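Derivation of every value follows stated rules applied to the coordinates shown; laboratory data play no part. No experiment lies behind these values; they were computed from the predicted model shown. Quick reminder, even Gly has a Cβ in these numbers, built from the backbone with ideal geometry, and neighbours come from all protein chains shown.
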Amino acid sequence: MKQPIKGFSKLTKEAKLEWLAATYSKNPEATIAFLQSYWHEDAKVQKLHDDFIENTVTNYYMPFGVAPNFKINGKLYTIPMAIEESSVVAAAAKAAGFWLERGGFKASVIATKKIGHVHFMYEGAVEKLTTFIEAITPKFFEDTEGLTANMRARGGGILNIELKDKTAAMDNYFQLEAHFETCDSMGANFINSCLEQFAKTLTSEVQKSDLFTAAEKDIQIVMCILSNYTPDCVVRAEVSCPVSQLNADEGISPETFAMKFQRAVRIAEIEPYRATTHNKGIYNGIDAVVIATGNDFRAIEAAGHTYASKDGQYRSLTHCEVKDGQFRFWIEVPMALGTVGGLTKLHPMVKFAHQMLGNPNAEELMCVIAASGLAQNFAALRALTTTGIQKGHMKMHLLNILNQLEATEEEIAEIKAYFEDKVVTHSDVVKKFCEVRGIEVPTPKVKQ
Ligand code: HMG
């Protein structure tokens, strides 16, 4: 039986590797060599990666691909994408190429406000607290002047602070809700530092005040934290063209394609089961660029899913209109990200991704990422409503299956040529591989 370990974090990296290999491998030496083979050859670069997180023992590779031909607001981009799933980059590239010839993507930032809360408990009269918070609001700004000086110099800072009465949902529960402009940074550390200062100011000002009884002065701070739900930090991207130009695939007229496409979007607007997969496809495109550019994909996804439910039902983040012979397809999505801070100037590949994009500011990057999500959704819906998803997806996945079978270069070439005009399925690939290699097709094991 495996034993727990105390003080693991204090071990050296080598000792961590040894423990891991000894505990989880029958051949510790080979396991250590395997894990070390993923270390970067330049010790300085490896040290950088080691320090990003805690208890690092090695690196976990993810492909870094690029999708060229994205025309966004008249500017041409090659978009960096870090993702493990086959066909995502190809789909983005195909959609980018399609829209390149039809005016490209138009994107604009609707708002960039971030939000954070001091969650606290207060047992007393609401009116008293409301008057008090109004009176001490300048003090919140004053006490955070040191923290906000640089952000204010860049044109950002704390925008407003207000009291929220949440007692209808939970007894004695209130919030100090603050809005922030964090310019080109995602702003999490900035926001959390301000919120923690607000909590200190609130507690000390309440103590000094003679407005409250002794019991009312016992304000309990529950927590101070930004919200990753950013409905006021939103970007919109759109593509449009005359329906007659929607020659999407052979054998289907532009009008039929527009009708089928719009119907598929409508289903995602009204049906949560479909909306979840539809939005997952959008985040194929968004997450890949968010990761490549060193941003927090968990935060961005979480915000998107909450936004998708903003009217009480989970819905599609994209929308489509076919009107007066014109096809319009758009996305509106929250996108709190940064082009400074975090990993953006540290991770060598992240730095390269920003360089590829022309070192955009946060608003430009929001536009690029929204366009990537829209392109991804367009490609997936085009496949789904015409050929079906498996044809293209499995065509891209074919190499993974062949690599899993350890096919040789010659076998890969022959099998790829064979599947050129066929829909790829796992079992057909295995069959063809066995035929090419001259071995028997394995019979599936039946569970006893
Ligand atoms: P195709 O028409 O067979 O491709 O499409 P093609 O060989 O004719 O090439 C056309 C263009 O596609 C190329 O232009 C590339 O831009 C791109 P070119 O570079 O030749 O000028 N392309 C590639 N790019 C890089 N490497 C490649 C490559 N092949 C084509 N190897 C394709 C094939 C897969 C693009 C198409 O079938 C497609 O877009 N399918 C959709 C795939 C997709 O959405 N994948 C996401 C994973 S599935 C999923 O998780 C989401 C989902 O559930 C979401 C939902 O339900 O809504 C589907």
Checklist entry - Suppose every K and R has +1 on its Cβ and every D and E has -1 on its Cβ; what is the size of the dipole of the chain about the Cα centre, in Debye to the nearest 20? => result 620
Checklist entry - Which value, to two decimals, describes the C-alpha radius of gyration of the stretch 392-437 once divided by 2.2 N^0.38 Å? => result 0.97
Checklist entry - Across the stretch 341-440, how many lysine pairs separated by 8 or more positions, or lying on different chains, have Cα atoms within less than 13 Å? => result 5
Checklist entry - Taking a temperature of 25 °C and a viscosity of 0.890 mPa s, what whole-number D in µm²/s does Stokes-Einstein yield for the stretch 5-90 with Rh from Kirkwood over alpha carbon pairs? => result 155
Next on the checklist: Output needed for the stretch 114-227: three equivalent-ellipsoid semi-axes, defined as square roots of 5 times the C-alpha gyration tensor eigenvalues, in descending order, whole Å.
Outcome noted: 26, 15, 11
Checklist outcome for this item: Computed about the Cα centre, the charge dipole of the stretch 246-287 from +1 Lys/Arg and -1 Asp/Glu charges at the Cβ has a magnitude in debye, to the nearest 20, of 160
Next on the checklist: How many angstrom lie between the Cα centre of the stretch 306-359 and the Cα centre of the stretch 256-299?
Outcome noted: 11
Item to check | Selection from I32, S9, V45, by position along the positive dipole direction of the stretch 8-52 (Cβ) | outcome: S9
Item to check | Ascending count of other beta-carbon atoms within 10 Å, so fewest first, for Y61, Y418, Y229, Y122 | outcome: Y61, Y418, Y229, Y122
Checklist entry - Roughly what would the spin-label model give for I5 and A149, points 7 Å off Cα along C-beta, in nm? => result 4.5
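What's the FRET efficiency of E142 with H179 using the Cβ-Cβ distance as r and R₀ = 22 Å, to the nearest 0.05? Don't jump to the answer; show the numbers that get you there.
On the way: r = 18 Å, r/R0 = 0.81.
E between E142 and H179, to the nearest 0.05, is 0.80.
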Next on the checklist: No solvent, one uniform scatterer per C-alpha: report log10 I(q)/I(0) for the stretch 261-407 via the Debye equation at q = 0.12, 0.14, 0.15, 0.16 1/Å, two decimals.
Outcome noted: -0.59, -0.77, -0.86, -0.94
Checklist entry - Calculated from DSSP H runs of 4 or more alone, at -39500 (n - 2.57) each and per residue, what is the 222 nm mean residue ellipticity of the chain, nearest 500? => result -15500 deg cm²/dmol
Next on the checklist: Between helix 254-270 and the chain, what is the angle of the helix's C-alpha long axis to the longest principal axis, kept within 0 to 90° and rounded to the nearest 10?
Outcome noted: 40
Checklist outcome for this item: Taking a ≥ b ≥ c as the square roots of the Cα gyration tensor eigenvalues, with a/c under 1.5 meaning rounded and otherwise prolate when a/b beats b/c or oblate if not, the stretch 8-52 comes out oblate
Checklist entry - With springs only between Cα atoms under 10 Å, which of I83, I110, I401 fluctuates most in a Gaussian network model of the chain? => result I401
Item to check | the stretch 273-334: trypsin sites (Lys or Arg not before Pro) in DSSP loop, at most 16 other beta carbons within 10 Å | outcome: K310
Checklist outcome for this item: Of M366, M394, M186, the most mobile residue in a GNM of the chain (C-alpha springs, cutoff 10 Å) is M394
Next on the checklist: Just to confirm the filter: which chymotrypsin sites (Phe, Trp or Tyr not before Pro) across the stretch 1-46 are DSSP coil and have at most 13 other Cβ within 10 angstrom of their Cβ?
Outcome noted: Y38
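Could you pull out the GluC sites (Glu not before Pro) across the stretch 366-448 that fall in loop regions by DSSP (anything but H, G, I, E, B) with no more than 11 other Cβ atoms inside 10 Å?
E406, E420, E440
How would you rank F297, F70, going from fewest to most other Cβ atoms within 10 Å of each one's own Cβ? Mind dumping the intermediate values first?
Details: F297 16, F70 24.
The fewest-first ordering by Cβ neighbours comes to F297, F70.
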Item to check | Total charge dipole magnitude, the stretch 309-448, about the Cα centre, Cβ charges on Lys, Arg, Asp, Glu only, Debye to nearest 20 | outcome: 400
Checklist entry - Sorted by packing (mean other beta-carbon atoms within 10 Å per residue), highest first, where do 178-184, 163-169, 369-375 land? => result 369-375, 178-184, 163-169
Next on the checklist: For a quick size check, give me the Cα extents of the chain along its three principal axes, largest first, whole Å.
Outcome noted: 90, 69, 50
Checklist entry - With the dipole of the stretch 114-227 worked out from charges on the C-beta (+1 for Lys and Arg, -1 for Asp and Glu) around the Cα centre, which of L176, A215, L195 lies farthest toward the positive end? => result L195
Item to check | Whether the stretch 194-336 is rounded, prolate or oblate, judged on the alpha carbon gyration tensor where a/c under 1.5 counts as rounded | outcome: prolate
Next on the checklist: Between the stretch 36-73 and the stretch 396-448, how far is it from one alpha carbon centroid to the other, in angstrom?
Outcome noted: 31
Checklist outcome for this item: Output row, site V45, 7 Å Cα→C-beta label point, backbone N cut-off 15 Å, window the stretch 58-96, residues 59-64
Checklist entry - Tally Lys/Arg at +1 and Asp/Glu at -1 over every other residue whose Cβ is under 14 Å from the Cβ of A135; what's the total? => result -3
Checklist entry - Per 5 Å bin, what is the whole-percent P(r) computed from every C-alpha pair distance within the stretch 61-180? => result 2, 9, 12, 12, 9, 8, 8, 9, 10, 10, 7, 3, 0
